[in-house]
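**Q** Encoded as structure tokens, here's the structure I'll be asking about.
The values are calculated or read from the model by the stated rules, or taken from the named source; none is laboratory data. Only a predicted model underlies this, so the values are computations on that prediction, with no experimental measurement involved. Because the Cβ atoms are built from the backbone with ideal geometry, glycine has one as well, and the counts that use them run over all protein chains shown.
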Ligand code: PMP
């Protein structure tokens, strides 16, 4: 039996959460508190913060499909996917996603976050090693933490480090987990080299293509497709329906037996209410638009490059955009927050990344390009961001 622990004194109920105030004070002192800024349905702001890369969230074909499906099928899916939460819309969406990307099968989740949790946990376990890039998305990190696998997070964008971790692992089974386009800096993982490392060491490859799907690859089929890896027997892709498709939800795409395994074992699939029918219908409609307008993704890249070039010429430290994401380094977390706020005052909404989303010392503005950005929008954004830049931002 364990030795008895110390006896803790009784507390008044209204003191139980006093520790939260101390933590909040620490965050305030470090400039790390966060604030919700509810927006209205329409805005005059130029949006360089949202993930609606193709402008489909408000497209009448997409929003109209969501409205019609909600009226026909109900506002919610009414249950988990294995009980009452799978409609014909979910089945059609899975079929169409798999066909579009060239995989054997697909499985729709209620978000990209739960898709990542489900895929990582179900495809690893106590008998597995997981090797990741250290900058993978938080949802993948949570998936790694939840399982009982050996986890090695190696240097960013370094296939040799991944190969070394695979070669020195202690578990027979292994999976390499990476983002395609990294969400903070917008850089692209070396997917082909990672696949080669996986094959050399008998590992599976799981790629989160949240920011690549709908933007990269032929007609927006994603970074995995562009790398020639879609449909490969050892590759699994996760996507979100909430960025390029302008809807909500997530999906895992891959070999049929992987998808079957997820249906049977992925807890974030089994114990979660199915995606709302309106969201499934919106994603289906958005996929239809993408097929009809295959030049949409290219417009995102043009706008992203315009933003990056303009800001670089103005003297800022700017990432090279591979997809929609452009990041601009700020001198400090506080400076990033006030820089973003000043942009908002001038009608430009930009994102702002600081700890814990990024490591200490590399806070930044995060801009997202959209297909509908005109050249004049890009010029205006560069002008405003430059005019309100904090001291020390250039260099
Ligand atoms: N992966 C990446 C790389 C992301 O950026 C996000 C969204 N921030 C997600 C997964 C989660 O997707 P969702 O928002 O659909 O839960």
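Residue by residue, here is whether (1) farther than 28 Å from residue 187 by Cα; (2) away from the ligand (no atom under 16 Å from the Cβ); (3) surrounded by fewer than 23 Cβ atoms within 10 Å (Cβ to Cβ) holds:
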position: 61; (1), (2), (3): yes, yes, yes
position: 67; (1), (2), (3): yes, yes, yes
position: 89; (1), (2), (3): yes, yes, no
position: 98; (1), (2), (3): no, yes, yes
position: 113; (1), (2), (3): no, no, yes
position: 117; (1), (2), (3): no, no, no
position: 132; (1), (2), (3): no, no, no
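**Q** For segment 227-241, which residues satisfy the criterion of being under 12 Å from residue 103 (Cβ atoms) and outside any loop (DSSP other than H, G, I, E, B)?
**A** Selection gives 235, 236, 237, 238, 239.
**Q** I would also like to ask the following. In segment 20-76, which residues are assigned to a loop (DSSP other than H, G, I, E, B) and farther than 30 Å from residue 345 by Cβ? Spell out the reasoning first.
**A** Residues of segment 20-76 that are assigned to a loop (DSSP other than H, G, I, E, B), as a first pass: 30-45, 49-59, 74-76.
Once the filter is applied, which keeps residues that are assigned to a loop (DSSP other than H, G, I, E, B) and farther than 30 Å from residue 345 by Cβ, segment 20-76 yields 74, 75, 76.
**Q** Given the structure, is residue 33 in contact with a helix residue (DSSP H, G or I) (Cβ under 6 Å, 6 or more places away or on another chain) and not assigned by TED's automatic domain parsing to the domain that holds residue 236? Spell out how you get there, then give the answer.
**A** Working: in contact with a helix residue (DSSP H, G or I) (Cβ under 6 Å, 6 or more places away or on another chain): yes; not assigned by TED's automatic domain parsing to the domain that holds residue 236: yes.
Taking the combined requirement at face value, the residue satisfies it.
**Q** Within the bounds of segment 122-130, is there any residue that is in the same structural domain as residue 235 (by TED's automatic domain parsing), in contact with a helix residue (DSSP H, G or I) (Cβ under 7 Å, 6 or more places away or on another chain) and within 11 Å of the ligand (Cβ to nearest atom)?
**A** No, segment 122-130 contains no residue that is in the same structural domain as residue 235 (by TED's automatic domain parsing), in contact with a helix residue (DSSP H, G or I) (Cβ under 7 Å, 6 or more places away or on another chain) and within 11 Å of the ligand (Cβ to nearest atom).
**Q** Here's another thing I want to ask about it. Quick test for you: out of 107, 140, pick the one residue that is assigned to a helix (DSSP H, G or I), crowded, with 23+ Cβ neighbours inside 10 Å and within 16 Å of the ligand (Cβ to nearest atom).
**A** None of the other options fit; the residue is 140.
**Q** Can you pull out the residues in segment 187-198 that are in a loop (DSSP other than H, G, I, E, B), within 16 Å of the ligand (Cβ to nearest atom) and surrounded by fewer than 24 Cβ atoms within 10 Å (Cβ to Cβ)? Steps first, please.
**A** Residues of segment 187-198 in a loop (DSSP other than H, G, I, E, B): 187, 189-190.
Filter once more, keeping what is within 16 Å of the ligand (Cβ to nearest atom): 187, 189.
Of everything in segment 187-198, just one residue is in a loop (DSSP other than H, G, I, E, B), within 16 Å of the ligand (Cβ to nearest atom) and surrounded by fewer than 24 Cβ atoms within 10 Å (Cβ to Cβ), namely 187.
**Q** Looking only at helices (runs of 4 or more DSSP H) that fall completely inside segment 242-295, which ones have 1 or more residues that are more than 16 Å from the ligand (Cβ to nearest atom) and closer than 19 Å to residue 51 by Cβ? Before the answer, list the steps.
**A** On the way: elements: 256-265, 267-270, 277-292.
The qualifying helices (runs of 4 or more DSSP H) are 277-292.
**Q** Please give the number of the condition residue 135 fails out of (1) farther than 28 Å from residue 255 by Cα; (2) touching a strand residue (DSSP E or B) at 6+ places or on another chain (Cβ under 8 Å).
**A** Just one mismatch for residue 135, condition (1).
**Q** Name the pairs: first residue in segment 174-190 and in the same structural domain as residue 133 (by TED's automatic domain parsing) and farther than 23 Å from residue 164 by Cα, second residue away from the ligand (no atom under 11 Å from the Cβ) and part of a loop (DSSP other than H, G, I, E, B), Cβ to Cβ under 7 Å, at least 6 apart or on different chains?
**A** Filtered contacts from segment 174-190: 184/358; 185/319; 186/319; 186/321; 186/322.
**Q** On to the next question. In segment 199-226, what residues are surrounded by fewer than 21 Cβ atoms within 10 Å (Cβ to Cβ) and either in a loop (DSSP other than H, G, I, E, B) or at pLDDT below 95 (or both)?
**A** 201, 202
**Q** Further question: Tell me, which residue of segment 230-241 that is farther than 15 Å from residue 175 by Cβ and within 16 Å of the ligand (Cβ to nearest atom) is surrounded by the most Cβ atoms within 10 Å (Cβ to Cβ)?
**A** It comes out as 239.
**Q** Restricting to segment 145-156, and then to whatever is touching a helix residue (DSSP H, G or I) at 6+ places or on another chain (Cβ under 8 Å) and over 22 Å from residue 193 (Cα atoms), can you tell me which residue is farthest from the ligand (Cβ to nearest atom)?
**A** Selected residue: 147.
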